[in-house]
Amino acid sequence: MRILLVEDHPLLGDAIHVSLRQAGYSVDWVQDGVAADTALATDEFAAVVLDLGLPRRSGLEVLQALRQRGAQVPVIILTARDSVEDRIRGLDCGADDYLVKPFDMGELAARLRALVRRSAGSASAALHIGGLSIDPASLSVTRDGQAVSLSAREFALLHALALNAGRVLTKAQLEQHLYAWGEEVESNTIEVFIHHLRRKLGAATIRTIRGVGYLLPRDDHAD
Ligand code: CA
């Protein structure tokens, strides 16, 4: 799951970056509003963590431009304690949630999970598809009630497929979910992770759509 972090404060940005990575996200971090615009115009993110006070272009302007382009990506804004007006304007401009600095990193991770879940159209915390139960809060997976141990990247890959169940994701889209910019991606990385997932979850769990990508079949009983 790929997150865009927009924060110009080096220490705070670094702390958020580290803690979101520990929570299993891949994080791209930019430090001004123009770089945020560029990132949002060129890449797909599961959510955005957006500071409002930024160099070159304010967070509110970034948010307004994003929503004017029709982008639905969930955005959580970071505001100072004394700026109630900023918070209100941020929500009016299309932010989905806000946190007041200083905040607890665990709370940020929890709110991101909730936002991503809501934007995927699911109200319950864990995703249930076929015999699989996938819980992003604990990064845990069960298959027919049995716990399955996955690495953070394997989990992220399965989660991306589960959020898009019934839809084919291309290798490039899956790489985007898994990797931040500048991270080295070996050409067969996705194949290797898919292989691991099939070994752990059963060969038929993930379908290969030849020449296109991969698909987690939707649960026929789900809707
Ligand atoms: Ca700032």
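What follows is calculated from the coordinates using simple rules that are stated; it is not laboratory data. All figures in this text were calculated on a predicted structure; none of them were measured in a lab. Cβ coordinates were reconstructed from backbone atoms using ideal geometry, including for glycine residues, and neighbour counts include every protein chain displayed.
Laid out as a table, the results:
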read-out	value
3J(HN,Hα) from dihedral phi, the stretch 163-175, Karplus parametrisation 6.51/-1.76/1.60, rounded to Hz, x for glycine, proline	5, 10, 3, x, 10, 7, 10, 6, 4, 5, 5, 5, 4
The chain: relative contact order in percent, alpha carbon pairs under 8 Å with at least 6 residues between	17 percent
Against the rule of thumb 2.2 N^0.38 Å, how large the Cα Rg of the stretch 1-160 comes out	1.06
Calculated [θ] (222 nm, deg cm²/dmol) that DSSP helices of n ≥ 4 give over the chain, each run adding -39,500 (n - 2.57)	-12500 deg cm²/dmol
Rg ratio (alpha-carbon, reference 2.2 N^0.38 Å) - the stretch 127-215	1.03
Per-residue ³J(HN,Hα) for the stretch 104-115, Karplus 6.51 cos²θ - 1.76 cosθ + 1.60, θ = phi - 60°, Hz, x for Gly and Pro	7, 4, x, 5, 4, 4, 5, 5, 4, 4, 4, 5
Whole-Å distance, taken between Cα centres, linking the stretch 40-73 and the stretch 120-194	25 Å
Distance-filtered residues of the stretch 171-188 - backbone nitrogen under 18 Å, label point 7 angstrom along Asp43 Cα→Cβ	171-187
Crossing angle, helix 10-22 versus the chain [Cα axis fit, 0-90 degrees, rounded to tens]	20 degrees
Inter-label distance for Ala204 and Ala147, nm, one decimal - labels placed 7 Å from Cα along Cα-to-Cβ	2.8 nm
FRET efficiency estimate (nearest 0.05) - Cβ-Cβ, Asp92 to Arg56, R0 25 angstrom	0.65
Computed E for Ala172/Arg218 - FRET, C-beta separation, R0 30 angstrom, nearest 0.05	0.85
Angle in degrees between helix 189-201 and the longest Cα principal axis of the chain, rounded to the nearest 10	60 degrees
Fraction of beta bridges assigned by DSSP in the stretch 1-146 that are antiparallel (%, nearest 5)	30 percent
With Cα atoms, 0 to 90° folded angle of helix 33-42 axis to the chain main axis	30 degrees
Taking the convex hull of Cα positions in the stretch 67-153, its mean projected area over all directions (nm²)	7.4 nm²
Distant-in-sequence amide H partners of Ala47 (H built 1.01 Å from N, under 5 Å)	Leu4
